[in-house]
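Computed from the coordinates by the stated procedures, all read-outs in this text should not be read as laboratory data. Computed from a prediction, not measured in an experiment: that's the story for all the values here. Glycine gets a Cβ as well: all are built from the backbone with ideal geometry, and neighbour counts include every protein chain shown.
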Amino acid sequence: MQVRLIDYARAPLEKLYAAFRTCYSSESPIDIWRNIEAQKISHDKIREFIGERLKTGHASPLEQVVFWFGIANVSRSLSHQFVRHRIGISFEQQSQRYVKFKQERLAFVMPESWHRAGLDREFEELLGRTSELYARALKAGIPPEDARFVLPNAAPTNFHVMVNFAEMLHICDLRLCMRAQWEIRRMVALMRAEIKRVLPEIAVFLQPKCGENRMGYCDETLEDWKKCPLGRVRPHKTSLFELYDRYGSAKARALGEQEFRAVEEKEQI
Ligand SMILES: Cc1cc2nc3c(=O)[nH]c(=O)nc-3n(C[C@H](O)[C@H](O)[C@H](O)COP(=O)(O)OP(=O)(O)OC[C@H]3O[C@@H](n4cnc5c(N)ncnc54)[C@H](O)[C@@H]3O)c2cc1C
């Protein structure tokens, strides 16, 4: 698997700053940018302001920061999962209709678990035969779009991806979590590492959802949390509720009519 950050939209921190600032300032975005360009706002101030904003639920400015990735030699099993993300991300994927795979043996992705189980040779043999049959099918005039029907989930594929920061955060929430499948987790970890290489200020927020810069706790089942290596350093939601019940000023209970009336109230006293 190879993952490369090909590019990102110019001045991402400044764009985030200006987008957030526009919402909270009497100044116009044109004046805000004038100040940024005149270096009247220090890099530290920009970083600090963004950090504070990222603690809130005001997420739409994050859509104004965009990354492009090249991703190679991942499995079709991964790609089925990856393309389920549908907001704030755009994919181009290598076609099995237009590309004839001409290598003698396709570079299938083999999970480690096949090695560990001692079944790697059988995996290789089966996929070797699959490669042969695929090549024979092409030779016999079967078009690639039909020859590909013998290709398995292990078949390799490539992506060119554009994704905005808001969606990248969401993808990390879900796919850096130990509940995610290993291959997509590894790919997203490499995407994060690529962003960290050039934009460490932004990368600190790219965490699994239990991370201190994200939701902060695990909302998966207690059984999954017990098995998770991150469970040693991040709490499960049940333990937070126990603490709230034990030490909070009130006990947590289901929302009743009284609470909905408070929500509906036109003016709070
Ligand atoms: C551990 C794990 C196990 C999974 N298992 C399965 C499985 O067994 N079967 C299966 O089919 N899928 C499975 N998935 C895929 C999962 O259901 C999602 O399709 C996938 O994670 C994409 O995430 P998303 O829906 O948040 O999409 P994104 O595009 O990343 O969406 C971003 C967010 O936008 C909002 N949004 C997007 N579209 C709409 C909409 N139409 N209406 C309202 N809000 C919207 C939602 O808040 C959404 O979270 C699994 C995912 C994970 C992480």
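Looking for whichever is touching a Leu at 6+ places or on another chain (Cβ under 7 Å) and more than 28 Å from Phe159 (Cβ to Cβ) here; the options are Ile32, Ile50, Ile36, Ile41. Which one fits? Talk me through it step by step, then tell me what you get.
Working: Ile32 fails: touching a Leu at 6+ places or on another chain (Cβ under 7 Å); Ile36 fails: touching a Leu at 6+ places or on another chain (Cβ under 7 Å); Ile41 fails: touching a Leu at 6+ places or on another chain (Cβ under 7 Å).
Residue meeting the stated conditions: Ile50.
Is at least one residue of region 164-180 touching a Phe, Trp or Tyr at 6+ places or on another chain (Cβ under 9 Å), surrounded by fewer than 20 Cβ atoms within 10 Å (Cβ to Cβ) and under 30 Å from Gly51 (Cα atoms)?
Taking every residue of region 164-180 in turn, at least one turns out to be touching a Phe, Trp or Tyr at 6+ places or on another chain (Cβ under 9 Å), surrounded by fewer than 20 Cβ atoms within 10 Å (Cβ to Cβ) and under 30 Å from Gly51 (Cα atoms).
Mind checking which pairs have a first residue in region 157-172 that is charged (D, E, K, R) and a second that is within 11 Å of the ligand (Cβ to nearest atom), Cβ under 6 Å, 6 or more apart or different chains?
Glu167/Gly88; Glu167/Ile89
Answer yes or no: is there a residue in region 168-182 that is within 16 Å of the ligand (Cβ to nearest atom), in a helix (DSSP H, G or I) and more than 20 Å from Phe91 (Cβ to Cβ).
Step one: list which residues in region 168-182 are within 16 Å of the ligand (Cβ to nearest atom), which gives 168-182.
If we keep only those that are in a helix (DSSP H, G or I) too, we end up with 168-175, 182.
Add one more test, that the residue is more than 20 Å from Phe91 (Cβ to Cβ), and what stays is 182.
Yes, region 168-182 contains at least one residue that is within 16 Å of the ligand (Cβ to nearest atom), in a helix (DSSP H, G or I) and more than 20 Å from Phe91 (Cβ to Cβ).
Name the residue, out of Ile6, Ile89, Ile36, that is within 15 Å of Asn164 (Cα to Cα) and in contact with an Asp or Glu (Cβ under 6 Å, 6 or more places away or on another chain). Lay out the reasoning, then the answer.
Details: Ile6 fails: in contact with an Asp or Glu (Cβ under 6 Å, 6 or more places away or on another chain); Ile36 fails: within 15 Å of Asn164 (Cα to Cα).
None of the other options fit; the residue is Ile89.
Among helices (runs of 4 or more DSSP H) lying entirely in region 11-102, which contain 2 or more residues that are within 16 Å of the ligand (Cβ to nearest atom) and polar (S, T, N, Q)?
Values: elements: 12-24, 29-37, 43-53, 76-82.
In region 11-102, 76-82 are the helices (runs of 4 or more DSSP H) which contain 2 or more residues that are within 16 Å of the ligand (Cβ to nearest atom) and polar (S, T, N, Q).
Just name the residue that is nearest to the chain's Cα centre (by Cα) out of those in region 1-58 that are surrounded by fewer than 18 Cβ atoms within 10 Å (Cβ to Cβ) and among the aromatic types (Phe, Trp, Tyr).
Phe49
For region 237-253, give me the residue count where each residue is over 20 Å from Leu222 (Cβ atoms) and assigned to a loop (DSSP other than H, G, I, E, B). First the steps, then the outcome.
So the first thing to find is which residues in region 237-253 are over 20 Å from Leu222 (Cβ atoms), and the list is 247-251, 253.
Of the ones still in play, those that are also assigned to a loop (DSSP other than H, G, I, E, B) are 248-251, 253.
The qualifying residues number 5.
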